[in-house]
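The values are calculated or read from the model by the stated rules, or taken from the named source; none is laboratory data. Please read all numbers here as calculations on a predicted model, not as lab measurements. Glycine also receives a Cβ, built like all others from the backbone with ideal geometry; neighbour counts cover every protein chain displayed. Just the protein is used for accessible areas: all its heavy atoms, side chains included, with ligands, DNA and RNA removed. Shrake-Rupley method; radii C 1.70, N 1.55, O 1.52, S 1.80 Å.
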Amino acid sequence: MLQAEHNLKTHSDRIPAEETLAERFAATRALTLDLLAPLSEADATLQSMDDASPAKWHGAHTTWFWETFLLRDHLPQYQCFDADYAYLFNSYYEAEGERLLRSRRGMLSRPTLAQIIEWRAHVDAAMQPLLDDPRHADLIALGIAHEQQHIELLLTDIKHAFFANPTGPAVWDTVTKTASSHANNEQQGWTHHPGGIAMIGHQGDGFAFDNEGPAHRVLLEPFALGDGLVTNADWAAFIADGGYRNAALWLSDGWAWVNAQSITAPLYWREDQHFTHSGWQLRDPLAPVAHISYFEADAFASWAGARLPTEFEWEAAALAQGASSDGGNQLDGAAPPLPQASPQATTNLFGDCWQFTRSAYLPYPRFQPATGAVGEYNGKFMAGQWVLKGASCATVRGHSRASYRNFFYPHQRWQFTGLRLAKDV
């Protein structure tokens, strides 16, 4: 994401239907460079915890993906840029051989960020003959979606790394303005769904990950879904009412986690402030709460006399409402992402925060992972994690859809994770 590619197209407020695969490739690769641009060499090498990776590593791993699964396998006579990179920047693909331990990625002072950017330019140039070849379209679409996922991870990982600095530095000096003065401060309502048989999972010819299918039928009981995301003010009331001290609200594992980790508030909160990509800022009470775990989301829902929706309820509601997956507060360029209070908060299910469901991340009926090494992308992680729906302020606009299944372990909260309540009717 640096100077040479600054003139390439970036994502606009909508993804035009006529945008070609080559244009999407260029825009995605440019956005990664733009996000790396403000970082120093030291910034880009930081790894603040095992769940996170250095920004430099994200820039390299996404390039390894293109070199390994497209150029090496489909471009005759292509020579890999550096033989060591296959070991350094493989993530979890067992079929691709040995790899550096995830916890050691922050030890990579070399190659430098400049060398990674040089490699990116080399791979981008080599990719050009493949981009318009329909034989590779599905794999290229997967590679674009893969890099967009790492764009979001790059943003959340660098936020955690900067948070670890006691001085609270900013990635971007620009302070994100809130929209509270324009937001509806009235009690959020509910949208009812009659239940019945719903078709769940990806349908149609567009790109989807293998874990989004096959499409299948589910039986839903009547339910209602909250019109808006739970806000910072809602969460402050939960805290003031002793929510983190009431064992009756918590799952057993959640209560053990709260006590073992001395959890008293969402990640990045202190007093009336929260940590952002622009450093410490006053917290907007009307903005959606973010950076909470599944344990916290479930406890809040219990406190509120409601529950979390299932992933099937959420998807059925999104389809019934005609919710635009390109709508809401999502990522349109290299700028500080932040959940925002806005008049549109109740008109779209996408944007601001990924929304926890109470659905375990499991395979759909008749699920089969993709063949080859790329089949390791989703299926082998279907144990012990929970599904989130929607999109966040750090999700590249156009990346998500109603059938999209994000997933995390129940204690993780460094992502832009929030919640929308549901209830039985």
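Which aspartates and glutamates, if any, have their Cα less than 20 Å from the Cα of Lys423, not counting same-chain residues under 8 positions apart?
Glu186, Glu221, Asp227, Asp234, Glu296, Asp298, Glu311, Glu313, Glu315
What is the sum of charges, Lys and Arg at +1 and Asp and Glu at -1, for the other residues whose Cβ falls under 12 Å from the Cβ of His160?
Working: positive: Lys159, Arg413; negative: Asp50, Asp51, Asp157.
Neighbourhood net charge equals -1.
Report, in debye and to the nearest 20, how large the dipole of the chain comes out about its Cα centre when Lys and Arg carry +1 and Asp and Glu carry -1 on their Cβ. Please list the in-between numbers first.
On the way: 30 positive and 48 negative charges, 123 e Å.
About 600 debye.
Under 25 °C and 0.890 mPa s, how fast does the stretch 248-368 diffuse according to Stokes-Einstein, given a Kirkwood radius computed over C-alpha pairs? Answer in µm²/s, whole number. Each step should come with its number before you reach the end.
Numbers: Rh = 16.7 Å.
D = 147 µm²/s.
Give the dimensionless ratio obtained when the Cα radius of gyration of the chain is divided by 2.2 N^0.38 Å.
In units of the globular-protein estimate, the chain measures up at 0.97.
In the neighborhood of Phe238, defined by Cβ-to-Cβ distances under 14 Å, what is the net charge if each Lys or Arg adds +1 and each Asp or Glu adds -1?
Details: positive: Arg245; negative: Asp234, Asp241, Glu296, Asp298.
Every neighbour counted, the sum reads -3.
Once phi is turned into ³J(HN,Hα) by the Karplus curve 6.51 cos²θ - 1.76 cosθ + 1.60 with θ = phi - 60°, what whole-Hz value does each residue of the stretch 405-421 show in order, with x for glycine and proline?
10, 7, 7, 8, 6, x, 8, 7, 8, 7, 7, 7, 10, x, 7, 10, 7
Of all accessible surface on the chain at a 1.4 Å probe, what whole percent is carbon and sulfur?
On the way: 9390 of 18000 Å².
In the chain, the share of accessible area belonging to carbon and sulfur is 52 percent.
Using a Gaussian network model of the chain whose springs link C-alpha atoms within less than 10 Å, name the residue from Thr68, Thr395, Thr231 with the highest mean-square fluctuation.
Sorting by GNM fluctuation, first place goes to Thr68.
Taking the chain as a Gaussian network, Cα atoms linked when under 10 Å apart, which of Leu75, Leu142, Leu362 shows the biggest mean-square fluctuation?
Leu75
Averaged per residue, what accessible surface does the stretch 234-390 expose to a 1.4 Å probe, in Å²? It would help to have the intermediate numbers written out before the result.
Values: 6080 Å² over 157 residues.
Per residue, the stretch 234-390 has an accessible area of 39 Å².
Can you pull the semi-axes for the stretch 28-181, root of five times each eigenvalue of the Cα gyration tensor, sorted largest first, whole Å?
Details: eigenvalues 165, 71, 36 Å².
Result for the stretch 28-181: semi-axes of 29, 19, 13 Å.
Can you tell me the FRET efficiency between Lys380 and Leu101 if r is taken as the Cβ-Cβ distance and R0 is 22 Å, rounded to the nearest 0.05? Intermediate values should be presented prior to the final figure.
On the way: r = 18 Å, r/R0 = 0.80.
Efficiency, from the Cβ-Cβ distance: 0.80.
How large is ³J(HN,Hα) for each residue in the stretch 306-315, as worked out from phi by the Karplus curve 6.51 cos²θ - 1.76 cosθ + 1.60 (θ = phi - 60°), to whole Hz, x for Gly and Pro?
Coupling constants for the stretch 306-315: 9, 7, 7, x, 7, 5, 6, 5, 4, 5 Hz.
What does the charge count near Pro288 come to, summing +1 for each Lys or Arg and -1 for each Asp or Glu among other residues with Cβ under 10 Å from its Cβ?
Details: positive: Arg420; negative: Asp234, Asp284, Asp352.
Taking every Cβ under 10 Å from that of Pro288, the sum is -2.
Using Cα atoms only, what is the angle between the long axis of helix 252-261 and the major principal axis of the chain, expressed in degrees (0 to 90) to the nearest 10?
The two axes meet at around 70 degrees.
How would Lys380, Lys423 rank on accessible area, largest to smallest, probe 1.4 Å? Write down the numbers at each step before the final one.
On the way: Lys380 95, Lys423 70 Å².
Largest to smallest exposure gives the sequence Lys380, Lys423.
Working from Cα positions, state the angle (0 to 90°, nearest 10) between the long axis of helix 55-66 and the longest principal axis of the chain.
Taking Cα atoms only, the helix is inclined about 60 degrees.
Calculate how steeply helix 113-131 sits against the longest principal axis of the alpha-carbon atoms of the chain, using the helix alpha-carbon long axis, and give the answer as 0 to 90 degrees to the nearest 10.
80 degrees
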